[in-house]
1. Please state which of the following conditions Pro343 fails to meet, knowing it meets all the rest: (1) under 26 Å from the mean Cα position of the chain (by Cα); (2) open to solvent by 10 Å² or more (accessible area, probe 1.4 Å); (3) modelled with pLDDT of 70 or more.
2. So Gly82 passes all but one of these: (1) touching a Pro at 6+ places or on another chain (Cβ under 9 Å); (2) modelled with pLDDT of 95 or more. Which condition number does it fail?
3. Within segment 96-111, identify whether any single residue is surrounded by fewer than 18 Cβ atoms within 10 Å (Cβ to Cβ) and either more than 24 Å from Cys329 (Cα to Cα) or of a type in the set (Val, Ile, Thr) (or both), and answer yes or no.
4. What is the one condition in (1) part of a helix (DSSP H, G or I); (2) at pLDDT 85 or above; (3) touching a strand residue (DSSP E or B) at 6+ places or on another chain (Cβ under 7 Å); (4) of a type outside the set (Gly, Ala, Ser) that Gln187 does not satisfy?
5. Give me a count of the residues in segment 281-304 that are hydrophobic (A, V, I, L, M, F, W, C), more than 17 Å from Ser58 (Cα to Cα) and at pLDDT 70 or above.
6. Say whether the condition of being at pLDDT 60 or above, touching a strand residue (DSSP E or B) at 6+ places or on another chain (Cβ under 7 Å) and buried (at least 22 other Cβ atoms within 10 Å of the Cβ) is met by at least one residue in segment 126-136.
7. Going by the structure shown, is Arg109 touching a His at 6+ places or on another chain (Cβ under 7 Å) and basic (Lys, Arg)?
8. Is it the case that Pro238 is within 30 Å of Ala144 (Cβ to Cβ), modelled with pLDDT under 90 and open to solvent by 20 Å² or more (accessible area, probe 1.4 Å)?
Amino acid sequence: MHSCPGLFHAGVLSRELLKGSDAAIRNPHVTRLLCPLPQCPPCTSCHAARAALRRPRSGQALCGACFCSAFEAKVLHTVLAGRLLPPGGVVAVGASGGKDSTVLAHVLRALVPRLGISLQLVAVDEGIGGYRDAALAAVRRQAARWELPLTILACEDLFRGLTDAVARRTAGSDRSRYCCTFCGELQAARRAGATNIAISHNADDMAETRLMNFLRGDAGRLARGGGLGSPGEGGALPRCRPLQFASQKEVVLYAHFRRLDYFSEECVYAPEAFRGHARDLLKRLEAARPSAVLDLVHSAERLALAASARPPRPGACSRCGALASRALCQACALLDGLNRGRPRLAIGKGRRGLDKQATPGTPGDPAQTKTIR
C-alpha cells in the first residue's frame with residue numbers, strides 16, 4: 001500500500017487488535033510502525049510534520065496532531081448532524097476507565113465550547129473483585145485531571161447483590177451478560193442532574209452487537225438498533241453514541257497520540273461472553289471486506305420489519321422505573337430469577353414467568369428486594 005516502513009499500516013494494527021486492542025499500542029513492533037522515520041512523506045494535511053500513520057479507511061497519511069484534530073472533527077460532525085447533545089444540556093459520560101470512555105470524555109471536553117454543554121462523569125461499581133477497583137481509580141484520576149464532576153454508584157447500593165455474587169450463582173452460564181444488566185448509569189446520571197447520557201460504543205462495538213443479533217435471530221433488537229441512540233422513551237434520559245462511526249483502530253490511535261491514561265485490563269468474565277465469538281468473526285470478515293464494520297453499523301438503519309414482527313415501544317419497568325421493553329427491566333428480571341432460584345432464566349428465553357409479579361411474601365416479592373431510588 002505504501003513504501004514507507006515507518007507509516008502505520010491498517011492491516012498490521014488489525015492483526016495486533018486481534019490479540020487485544022489495548023496491548024497493540026504497547027507492542028514495540030506497533031510502536032515502531034507508528035513512529036515517523038525520515039523517509040516518511042509529509043502529512044497531507046499540514047504539509048509540515050512527517051506523517052505518522054495512514055488512516056485505517058481512507059489511507060490518508062497524517063501526523064499525530066492532524067489525526068487527532070480530524071478525529072475530533074469527525075465526532076463533532078456526528079454530534080451536530082445527529083443533534084445528539086442540545087446546547088445548554090448537562091451531559092453525563094458513562095465512564096468505565098477503559099480506552100473508549102476515556103477517549104469520549106477527552107473529545108467531548110475539547111468540544112465543550114463548540115457544543116455549549118456542561119460535562120460530567122458517571123460510573124458504576126459492579127463489584128467485580130480484582131478488576132473494578134483499578135478501573136475506578138483510573139476514572140477518579142481522569143475526573144481530577146480534567147476537573148470534571150464525578151458520580152459513582154455501586155450496584156450494592158442499587159441491588160441486593162454484586163456482579164461477583166451473581167456470577168457465583170450462575171456458574172457455567174454466560175456470566176458477562178449478567179454484568180451488563182447491572183448498569184446504573186441512568187440512576188447515576190439522574191442523581192448528578194444530567195439531561196443527556198453519552199456512551200462510548202464505537203463502530204466495532206456496534207457492528208459486533210448487530211452481528212450477535214443477526215446470529216440470534218433477534219428481530220426486535222435489530223429493529224431498535226438504528227440511529228445514534230435513544231430519545232428517552234419511558235421516562236429514561238436520552239442516550240447517544242458520539243463514537244458510533246469511529247473505528248476501534250482510530251480510538252486506540254487517538255488514545256496513543258493524546259497519551260491518555262486509562263485502564264486496559266480485560267474484565268475477568270469477558271472470555272466467557274458470546275461477544276468474543278462475534279468479535280473474532282467480525283475481524284475475519286473485515287480482513288476480507290474492509291467495509292464490513294460500517295456496513296453492519298448502517299444495516300439497522302435500512303432494516304424494515306413487517307408490522308407483525310415489530311417489537312412494542314419501550315416503556316418503564318413496573319418495579320424500578322428504568323427503560324424496559326417488558327414488564328420488568330433486565331436487572332429486575334435477573335434479581336427475580338436469583339431470588340426464585342432460576343437465575344439462568346432471567347435473560348433471554350424463558351423470561352415469561354419472570355415478568356410476572358411474585359406472590360407477596362415470597363423471595364421474589366418486590367417488598368423483599370432492594371429497589372432503585
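1. The failed condition is (3).
2. Every condition holds for Gly82 apart from (2).
3. yes
4. With respect to (1) part of a helix (DSSP H, G or I); (2) at pLDDT 85 or above; (3) touching a strand residue (DSSP E or B) at 6+ places or on another chain (Cβ under 7 Å); (4) of a type outside the set (Gly, Ala, Ser), Gln187 is out only on (2).
5. The qualifying residues number 7.
6. Yes, there is a match, as at least one residue in segment 126-136 is at pLDDT 60 or above, touching a strand residue (DSSP E or B) at 6+ places or on another chain (Cβ under 7 Å) and buried (at least 22 other Cβ atoms within 10 Å of the Cβ).
7. Values: touching a His at 6+ places or on another chain (Cβ under 7 Å): no; basic (Lys, Arg): yes.
Judged against the criteria, Arg109 is not a match.
8. Working: within 30 Å of Ala144 (Cβ to Cβ): yes; modelled with pLDDT under 90: yes; open to solvent by 20 Å² or more (accessible area, probe 1.4 Å): yes.
Here the answer is yes, as Pro238 does meet what is asked.
The values are calculated or read from the model by the stated rules, or taken from the named source; none is laboratory data. No experiment lies behind these values; they were computed from the predicted model shown. Please note: Cβ atoms are built from the backbone with ideal geometry, for glycine as well, and neighbour counts cover all protein chains shown. Remember, those area values only see protein heavy atoms, side chains included, never the ligands or the DNA or RNA. Shrake-Rupley method; radii C 1.70, N 1.55, O 1.52, S 1.80 Å.
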